[in-house]
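*Asks:* The structure's right below; bear with me while I get my questions together.
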Amino acid sequence: MECIGFIGLGIMGSPMSQHLLKAGYPLIVLDRVSELQKAIVAAGAQSGASPQRIAEQSDIVITMLPDTPDVEQVIAGKDGVFDGARAGMLIIDMSTIAPIAAKKLAREAEARGTDFLDAPVSGGDIGAQKGTLSIMAGGKESAFARALPIFQAMGKTILRIGDSAAGQITKAANQIMAAINLEATCEALVFAAKAGVDPMLVRQALMGGAAYSRSLEFHGQRILDRNFVPGFRLRLHRKDLDIALATGKAYGIALPVTAQVREMMTNALGEGQGDLDNSSLVMLLERLVDKQAKQ
Ligand code: NAD
């Protein structure tokens, strides 16, 4: 089996790398938080020293990092993956980053004789834990075929969407829908509660009808439980809407409602909610409603 280097062992990367270990892949892991790295090493992985060293030791390198600059630094920066890459290697970025950056990294990789796939995921922390992620890839067909058994260890719905960056465009579309659905869940539950009916029963009723959404199911439950421990950090969702809006601007595509939800998220970040779950967006709405009530 090919040796895999895995960089970024956060909420998503930790369970994803555990699935690769379970599937029998030799694994070398790295995270700047040493406790996260130690946990996967304790489960059977080898400890990585730097992105460059990991690339030298692996056939395939996977990154699962927060944002575009993190991925650019780890792959193309000093002592990065490119510095240790050789012809025939495959680099797979599974983070959510700007499509334009994914395309640039793919071009740079190609110039070194290395394949590059953008393969962001959807399904959240639960999908990562259960190994049921949706994986949307962009890049060469031959690279996708090589990566497929690895993707199958971590996901269920696995598609090559098209050439380089097609995966990131798909993920941006996903995040537009996820954000608008989240805002809808927040508004509906705050509306019901403030109008004097039980939001738990409202969610139950809506779940069985045309308004059902995954957001209503999972975010709705979190909101009722007041459980804002991050499955998906609010700051990362705002980052994804920035990516969608910048991509929309580049293609001349208006995204008016996405822009509004992005503003709501920015306000919530200003209130210190960046590292809470994205469902904590509801607190912003509650504050708005309370403020209006006092006027
Ligand atoms: P996270 O913040 O929990 O994890 C990111 C990890 O990367 C952290 O452990 C951090 O220490 C590590 N890291 C950052 N810079 C590093 C560096 N230079 N070297 C080594 N390690 C470094 O984030 P997450 O929720 O796991 O998300 C990862 C990516 O997946 C993001 O792009 C996010 O948008 C996307 N995503 C998240 C979810 C979700 O529900 N959490 C779902 C789908 C996609």
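The values are calculated or read from the model by the stated rules, or taken from the named source; none is laboratory data. From a predicted model like this one, the values you see are computed outputs, not experimental measurements. Here the Cβ is made from the backbone with ideal geometry for all residues, glycine too, and neighbour counts use every protein chain on show. When the accessible area is computed, the model is the full protein with side chains, heavy atoms only, and any ligands, DNA or RNA have been set aside. Shrake-Rupley method; radii C 1.70, N 1.55, O 1.52, S 1.80 Å.
*Asks:* Work out the P(r) tail for segment 211-295: percent of alpha carbon pairs separated by more than 20 Å, whole number. Mind dumping the intermediate values first?
*Replies:* Values: 1457 of 3570 pairs.
That tail contains 41 percent of the Cα-Cα pairs.
*Asks:* Let's see if you can work this out: charge +1 on each Lys and Arg Cβ, -1 on each Asp and Glu Cβ, no other charges. What is the dipole magnitude of segment 55-121 about its Cα centre, in debye to the nearest 20?
*Replies:* Value, rounded to 20: 180 debye.
*Asks:* To the nearest 10 degrees, how steep is helix 13-22 against the longest Cα principal axis of the chain, on a 0 to 90 scale?
*Replies:* 50 degrees
*Asks:* Please quote Rg/Rh for segment 4-164 to two decimal places, taking the Kirkwood radius as Rh and restricting both calculations to Cα atoms.
*Replies:* Working: Rg = 13.9 Å, Rh = 15.1 Å.
Taking Rg over the Kirkwood Rh, I get 0.92.
*Asks:* Over segment 189-243, with every protein chain in place, what whole percent of the accessible area is carbon and sulfur at 1.4 Å, could you tell me?
*Replies:* 60 percent
*Asks:* Identify which of Phe228, Phe218, Phe82 has the largest mean-square fluctuation in a Gaussian network model of the chain, with springs joining Cα atoms closer than 10 Å.
*Replies:* Its mean-square fluctuation being the largest, the pick is Phe218.
*Asks:* Moving to a separate point now. I need the peptides 250-260, 7-17 ranked by packing, meaning the mean over residues of other C-beta atoms within 10 angstrom, with the highest value on top. Intermediate results must be reported in sequence, preceding the final value.
*Replies:* On the way: 250-260: 12.0, 7-17: 24.1.
Answer by packing, highest mean first, reads 7-17, 250-260.
*Asks:* With +1 on the Cβ of every Lys and Arg and -1 on the Cβ of every Asp and Glu, and nothing else charged, how large is the dipole of the chain about its Cα centre, in debye rounded to the nearest 20?
*Replies:* So the dipole magnitude of the chain works out to roughly 260 debye.
*Asks:* Next up: For the full complex of protein chains and a 1.4 angstrom probe, list Phe232, Phe191 by accessible area with the highest value first. If you can, show how the numbers build up before the last one.
*Replies:* Working: Phe232 60, Phe191 150 Å².
Sorted descending by solvent-accessible area, the residues read Phe191, Phe232.
*Asks:* Report, for the chain, the % of DSSP beta bridges that are antiparallel, rounded to 5. Mind showing how you got there, number by number?
*Replies:* Details: 4 of 28 bridges.
Restricted to the chain, the bridges split so that about 15 percent are antiparallel.
*Asks:* Report the normalised scattering of the chain as log10 I(q)/I(0) at q = 0.13, 0.16 Å⁻¹, calculated by the Debye formula with identical scatterers on the alpha carbons.
*Replies:* Log10 of I(q)/I(0), two decimals: -0.89, -1.24.
*Asks:* Right, something else. For segment 1-153, which whole-number percentage of the solvent-accessible area (1.4 Å probe, protein heavy atoms only) is attributable to carbon and sulfur atoms?
*Replies:* 52 percent
*Asks:* Given Pro199, Thr247, Val282, which one lies farthest toward the positive end of the charge dipole of the chain, if we put +1 on the Cβ of every Lys and Arg and -1 on the Cβ of every Asp and Glu?
*Replies:* Pro199
*Asks:* How much accessible surface does Arg107 have with a 1.4 Å probe, in Å² rounded to 10?
*Replies:* 150 Å²
*Asks:* Let me ask something additional. Given the protein chains as shown and a 1.4 Å probe, how many square angstrom of Val229 are accessible, to the nearest 10?
*Replies:* Its accessible surface works out to 100 Å², give or take rounding.
*Asks:* Quick one: helix 234-251 against the long Cα principal axis of the chain, what's the angle to the nearest 10°, folded into 0 to 90?
*Replies:* 80 degrees
*Asks:* Among the aspartates and glutamates, which have Cα under 19 Å from the Cα of Lys194 when same-chain residues fewer than 8 positions away are ignored?
*Replies:* List returned: Glu183, Asp225, Glu286, Asp290.
*Asks:* Report, in listed order, any pair from Lys103/Lys130; Lys38/Lys104; Lys78/Lys140; Lys78/Lys103 with a Cα-Cα distance greater than 23 Å.
*Replies:* Correct reply: Lys103/Lys130; Lys38/Lys104; Lys78/Lys140.
*Asks:* Set Lys and Arg Cβ to +1 and Asp and Glu Cβ to -1, take the dipole of segment 4-164 about its Cα centre, and tell me which of Ile54, Met12, Thr157 lies farthest positive.
*Replies:* Farthest along the dipole direction, towards plus: Thr157.
*Asks:* Same structure again: To the nearest 500 deg cm²/dmol, what mean residue ellipticity at 222 nm is calculated for the chain from DSSP H runs of n ≥ 4 alone, each contributing -39,500 (n - 2.57), summed and divided by the residues?
*Replies:* Result for the chain, helices only: -18000 deg cm²/dmol.
*Asks:* Compute the accessible area per residue over the chain, keeping the other protein chains in place, probe 1.4 Å, unit Å².
*Replies:* Computed with neighbouring chains in place, this is 46 Å² per residue.
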